[in-house]
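Below is one structure, written out as structure tokens; the observations come after it.
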Amino acid sequence: MRIAIAGGSIAGLSAALTLDCMGHDVCVFERSTQGLRGRGGGVVVLRHMLRFLENHGKTTREMISVPTRRRRSLDHEGNVVHDEPEILPFSSWDAVYRSLCALLPADGIQYGRKLQRFEQDTDGVDLFFDDGTHERTDVLIAADGTASRLRTQLFPDYQSAFAGYIAWRGVVDESAFPPAAVNGLAENFTLYQQPGELFMAFLIPALDGSLEPGKRRFNWLWYRNESDTTALQRHLTDRFGRQHHASIIAGEMATESAAELNQLAKACLPDVLAQLVLATKTPFIQAIHDALSPAFSSGRVALVGDAACTLRPHTGSGTSKAADDAVSLASMLTPFTSNVAETLAAWAVERRESIAQLVAKGPRLAAHFGLDNNSETGPA
């Protein structure tokens with residue numbers, strides 16, 4: 001079958017890779033003109049994604065991740081108040097993305113193709129792009145993220161829900177600091193928690209993939225409750241004055257928001273952690289949303305990744321879920337599938353049930369950290 005995938009992020013590329021391996025004619029349509037290299041921050045690379053990459057290529061844990069050795073919690077003075085062994089393989093969104101891109105055929109991704117809408121019938125799906133072009137395909141996979149336009153077309157009455165808190169995020173080179181200043185942070189998973197906020201930091205590979213000490217990068221996240229809708233709208237307005245639904249990428253945050261972030265870091269964080277924020281040239285921001293599509297398929301259209309279900313980041317399962325979405329879909333949608341709509345419907349029900357516990361886990365973890373709609377806002 002000819003299969004179109006709208007969205008060239010990790011979920012879209014994972015689906016493309018598995019469906020291509022099954023013998024389908026697959027094409028990814030990505031709206032950005034130059035791809036997504038260099039975007040995103042750190043991710044936990046759990047065994048599902050590692051196994052996925054290893055099954056399809058030569059990428060291994062040691063090639064794309066920096067292992068942490070210990071989990072440590074700090075007080076406001078920067079003193080260690082909790083310390084225990086913990087091995088977690090942290091990587092970067094970009095490292096996983098580049099690994100997937102390298103495994104796909106060179107002509108498998110078309111950049112600068114923004115899918116505006118689709119129409120489907122019993123035999124296929126018609127795709128209409130913003131440049132006026134048209135494509136006909138057997139199956140459409142929506143992998144266009146939390147604010148999925150395709151999900152909105154399928155289920156116009158559904159909207160994702162703001163979870164009540166935001167995540168300031170950033171990546172900064174390890175070499176930006178004297179070794180003594182970050183020695184306690186290197187190869188440790190470091191946390192700082194106060195009512196209504198949680199800060200965490202860990203090392204990830206360099207932008208070129210290097211894992212050499214001194215060339216790696218620190219990834220940091222700062223979750224903070226945000227009940228002020230005016231402040232939320234301000235944070236989600238970029239430097240060009242454009243309003244965003246859930247996030248602003250690195251380099252596009254408004255100057256006023258970046259200045260506010262630095263002021264918060266100086267006032268609220270231990271110095272050893274504040275230095276990471278203050279040294280970050282292009283921080284970015286994410287408003288945490290819950291999205292669970294009413295269904296994961298409709299006719300010949302299926303939803304994967306965040307378009308189907310956006311997990312809370314505390315589960316550390318985003319990339320693994322993308323891999324599992326792809327594998328489960330490809331195992332059902334074989335070249336011998338006779339009734340596409342029925343097959344996708346069966347897959348959708350099974351997939352939705354399989355992630356139910358993971359969906360429920362995120363809000364529980366957030367509540368444990370004091371991050372939810374009912375918690376008090378963190379210190380300003």
Taking Ala11 and the conditions (1) closer than 17 Å to Val301 by Cα; (2) modelled with pLDDT of 95 or more, which numbered condition does it fall short on, given that it satisfies the others? (2)
Anything in segment 14-40 that is under 17 Å from the mean Cα position of the chain (by Cα) and either modelled with pLDDT under 80 or assigned by TED's automatic domain parsing to the domain that holds Gly170 (or both)? List them, or say none. Gly35, Leu36, Arg37, Gly38, Arg39, Gly40
Tally, over segment 226-259, of residues that are more than 15 Å from Ala287 (Cβ to Cβ), surrounded by 14 or more Cβ atoms within 10 Å (Cβ to Cβ) and out of contact with any strand residue (DSSP E or B) (no Cβ under 6 Å at 6 or more places or on another chain): 2
Cβ pairs under 6 Å, 6+ apart or interchain, first in segment 352-373 and under 13 Å from Ala163 (Cα atoms) and outside the structural domain of Glu197 (by TED's automatic domain parsing), second hydrophobic (A, V, I, L, M, F, W, C) and in a loop (DSSP other than H, G, I, E, B), ordered by first then second residue, are Gly362/Leu311
Here are the criteria: (1) modelled with pLDDT under 95; (2) surrounded by fewer than 20 Cβ atoms within 10 Å (Cβ to Cβ). Tell me which single one Ala176 does not satisfy. (1)
Inspect segment 128-150 for any residue being among the β-branched types (Val, Ile, Thr), at pLDDT 95 or above and surrounded by fewer than 17 Cβ atoms within 10 Å (Cβ to Cβ) and give the result as yes or no. yes
Taking Gly78 as the residue in question, decide whether it is modelled with pLDDT of 80 or more and either more than 24 Å from Phe369 (Cα to Cα) or not aromatic (Phe, Trp, Tyr) (or both). yes
Asp372 over 21 Å from Asp144 (Cβ atoms), within 21 Å of the chain's Cα centre (by Cα), not in a helix (DSSP H, G or I) and not hydroxyl-bearing (Ser, Thr, Tyr): yes
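The values are calculated or read from the model by the stated rules, or taken from the named source; none is laboratory data. If you're wondering where the values come from, they're calculated on a predicted model, not measured in any experiment. Don't worry about glycine lacking a Cβ; one is built from the backbone with ideal geometry, like all the others, and counts go over all protein chains shown.
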